[in-house]
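The structure appears below as structure tokens.
The values are calculated or read from the model by the stated rules, or taken from the named source; none is laboratory data. Note that the coordinates shown come from a computational prediction; the quantities given were computed from them, not determined experimentally. So basically every Cβ, Gly included, is an ideal-geometry build from the backbone, and we count neighbours across all protein chains shown.
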Amino acid sequence: MDKPINVCLLGAGSRGYFAFGNYAHSHPENLKVIAVAEPDKSKMERFLKVHDVDNEMTFTSWDELLDQPRICDYLINATMDDMHYESTLKALDKGYNIMLEKPMAVHPKDCVEIVDKAVELNKTIDICHVLRYSPFFSKIKEIIESGEIGQLITIELKENVGYFHYAHSYIRGNWRNTATSSPMILSKSCHDLDLLVWLAGEKSKKVSSFGSLLYFNEEHMPKNASKRCLDGCPHVDTCPYSVQRIYFGDSWTKMYVTAEDSQEALVEALKEGPYGRCVYQCDNDVVDHQVVNIEFESGVTATFTMCGPTAECDRYINVYGTNGEINGNLNSGNVIYKNYLNGPCEHPDEKIIDVSVSGDPHGGGDFRMMDDFVGRARGTLEKMITSAEMSLESHIIGFAAEKSRLEDKVVIMKDYYDELRRD
């Protein structure tokens, strides 16, 4: 029987604990965390209650862990976005093969440097584009590649972030400000751009984008709103973004507010921490809506729409070909395939394929990705489908989209790549 793969973990926060840590806990025969770095004491304590890590293998920062001689062959980097570049380069220098959370870096040249260095050192870096591994998007990819819809013409992808998720993560939370994280199109939607590149199966030619922070600012603040919801705000019962609505119910968001599982700890964190602030009086600057248009080298087009304030967290997709089309939404797990060659002219033959997965917000992608990570480490799988080399294209599209949005111009991708490669 194969032994579990030993890994070092940088960051025991949301992804480190709930995704990678959960996989290691659920599949101890496959993965074991033998060293962990986490600056937040309560998060570290929460992690160590579940995982048996020697005291001398716990560290308060990623650089402290990486100052040690290489501990094992594999490392999972779940640090914050703006830490990815330095920590990944240092891990490569130490000789680690890396699973890196998205986005791989917050500046385009840094992404290029990470990929180039991994190639130079002959080390693997795989990016956590978990939606490639979801049965839903895997089935869509399979249908496209089978030729059943004929020649691919265009793809439409829409991400509904969810009003409560947007308020939690992108107004009050860690990804609210471009200077301390990355643009919304990278921090949230590089998943989606990656899907478009993967499904189209080719490089981009042109990119344009539009969007803004339209609503969540002091201009739209209700009269007499307090700076914190629990400081006697008169709108706490009527505002859809009040902490009582978002954190006091059954929403998953509350488990990210505090590592302690009690109502008292939750209330204290909301009174003192960032998640209790009024959504109209935060230091957020990332967009609350954005559209991206892509023309690929063959002429295939794709559009992506992201909206923050929506009723649900979901993704919708339409894929159009010369012989058929594919429609669906990730939450339902139903892939609807319509064949123009069968059935009456205005009512083509329709097939519904159920690939739903329960209990995973990424449609079953997290654990399937980690299964491949273990398989590649054991040598039973040659490579993963989310390598940094593959992911670089969608990252650069994201940076090009932000450039287009800010500069009000169409970005020619060949010219943009040339600019990034220039010294």
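Values computed for the structure shown
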{"item": "Qualifying residue in the range 265-288 (condition: more than 20 Å from ASP40 (Cα to Cα), surrounded by 15 or more Cβ atoms within 10 Å (Cβ to Cβ) and touching a Gly at 6+ places or on another chain (Cβ under 6 Å))", "result": "yes"}
{"item": "Matching residues in the range 231-274 - criterion: being modelled with pLDDT under 95, over 30 Å from LEU48 (Cα atoms) and either touching a strand residue (DSSP E or B) at 6+ places or on another chain (Cβ under 9 Å) or among the hydrophobic types (A, V, I, L, M, F, W, C) (or both)", "result": "VAL236"}
{"item": "Condition check for GLY343: over 30 Å from GLU393 (Cα atoms) and crowded, with 21+ Cβ neighbours inside 10 Å", "result": "no"}
{"item": "Wholly enclosed helices (runs of 4 or more DSSP H) of the range 1-101 bearing at least 1 residues aromatic (Phe, Trp, Tyr) and touching a Phe, Trp or Tyr at 6+ places or on another chain (Cβ under 8 Å)", "result": "22-26, 41-50"}
{"item": "Test result for THR310, assigned by TED's automatic domain parsing to the domain that holds SER212, outside any loop (DSSP other than H, G, I, E, B) and not aliphatic (A, V, I, L, M)", "result": "no"}
{"item": "Members of the range 30-75 found to be hydrophobic (A, V, I, L, M, F, W, C) and touching a residue at least 60 places away in the same chain (Cβ under 8 Å), listed by number", "result": "LEU31, ILE71, CYS72, LEU75"}
{"item": "Residues that are hydrophobic (A, V, I, L, M, F, W, C) and part of a helix (DSSP H, G or I), drawn from the range 110-132", "result": "CYS111, VAL112, ILE114, VAL115, ALA118, VAL119, LEU121, VAL130, LEU131"}
{"item": "Single unsatisfied condition, SER208 versus (1) surrounded by fewer than 20 Cβ atoms within 10 Å (Cβ to Cβ); (2) part of a helix (DSSP H, G or I); (3) modelled with pLDDT of 95 or more", "result": "(2)"}
{"item": "Which listed residue is free of Cβ contacts under 8 Å to residues at least 40 places away in the same chain, under 29 Å from ILE185 (Cβ atoms), touching a Cys at 6+ places or on another chain (Cβ under 9 Å) and not assigned by TED's automatic domain parsing to the domain that holds ALA19, from ASN327, ASN331", "result": "ASN331"}
{"item": "Only one of ASP54, ASP82, ASP93, ASP67 that is of a type in the set (D, E, K, R), under 20 Å from the mean Cα position of the chain (by Cα) and farther than 24 Å from GLY363 by Cα", "result": "ASP82"}
{"item": "Helices (runs of 4 or more DSSP H) contained in the range 347-423 and holding at least 3 residues of a type in the set (Gly, Ala, Ser) and crowded, with 21+ Cβ neighbours inside 10 Å", "result": "388-407"}
